[in-house]
Amino acid sequence: MELKNIMAISASALRAQSLRMRVIAENLANSDSIAAKPGAEPYRRKVVNFEPTDIGGAGQGVSISSVGQDQSAFKRALRPGAPSADANGYIDLPNVNTAMEMVDMQSAQRSYEANLSAIQASKNLTMRTIDLLK
């Protein structure tokens, strides 16, 4: 496998993990938001879906197939004074689990770092090869 192919495959993973981290950050930022009016839905957690992609004959990289919404149920809480409270005083809260989001963020960060290391190693090998050819 050529070194440029390694860089292309790792670069595709960097792009994918970068978007994944942005989506996770959005989920965390909206984890306590509520709907503006009764009957409206609060923020719904977003999830990133990956798919393998061909890197010009160099191998398989990764790309984002879609950014979807988690269809799990909303949490309910008793907050009678909230603007979105129903007749019984309950509101729907986002279906974001902050602990799960933090674990996902760490996973995305580690994957990003690993691919960055692969690019750096490829760059170092290229530089050593050039030095040997001098």
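Side notes on the structure shown:
- Legend: calculated FRET efficiency, Ala87 to Glu41, from the Cβ-Cβ distance at R0 = 25 Å, rounded to 0.05, equals 0.90.
- Heavy atoms of the protein chains alone define the surface here; on that basis the chain has 62 Å² accessible area per residue at 1.4 Å probe size.
- Additional length obtainable on full extension of the chain from Glu113 to Leu125, 0.36 nm per residue less Cα span: 2.5 nm
- For the range 1-50, the square roots of the Cα gyration tensor eigenvalues, ordered a ≥ b ≥ c, give a/c of at least 1.5 with a/b greater than b/c, which places it in the prolate category.
- Total formal charge among the other residues, if their Cβ is under 13 angstrom from that of Gly39, Lys/Arg +1 and Asp/Glu -1: -2
- Tail weight of P(r) past 26 Å, computed on alpha-carbon pairs of the chain, percent: 44
- Candidate lysines - alpha carbon under 20 Å from Lys37, same-chain residues fewer than 8 apart omitted: Lys75
- Accessible area of the chain belonging to carbon and sulfur atoms, whole % at 1.4 Å probe: 55
- Here each label is just a point 7 Å from Cα along the line to Cβ, and for Gln60 and Ala25 those points are 3.0 nm apart.
- In summary, the aspartates and glutamates within cross-link reach of Lys123, defined as a Cα separation below 12 angstrom excluding same-chain residues under 8 places away, comprise Glu2.
The values are calculated or read from the model by the stated rules, or taken from the named source; none is laboratory data. Since we're looking at a predicted model, the values are computed, not measured. Cβ coordinates were reconstructed from backbone atoms using ideal geometry, including for glycine residues, and neighbour counts include every protein chain displayed. Quick note on the areas: whole protein, heavy atoms, side chains included, nothing else; ligands and nucleic acids left out. Shrake-Rupley method; radii C 1.70, N 1.55, O 1.52, S 1.80 Å.
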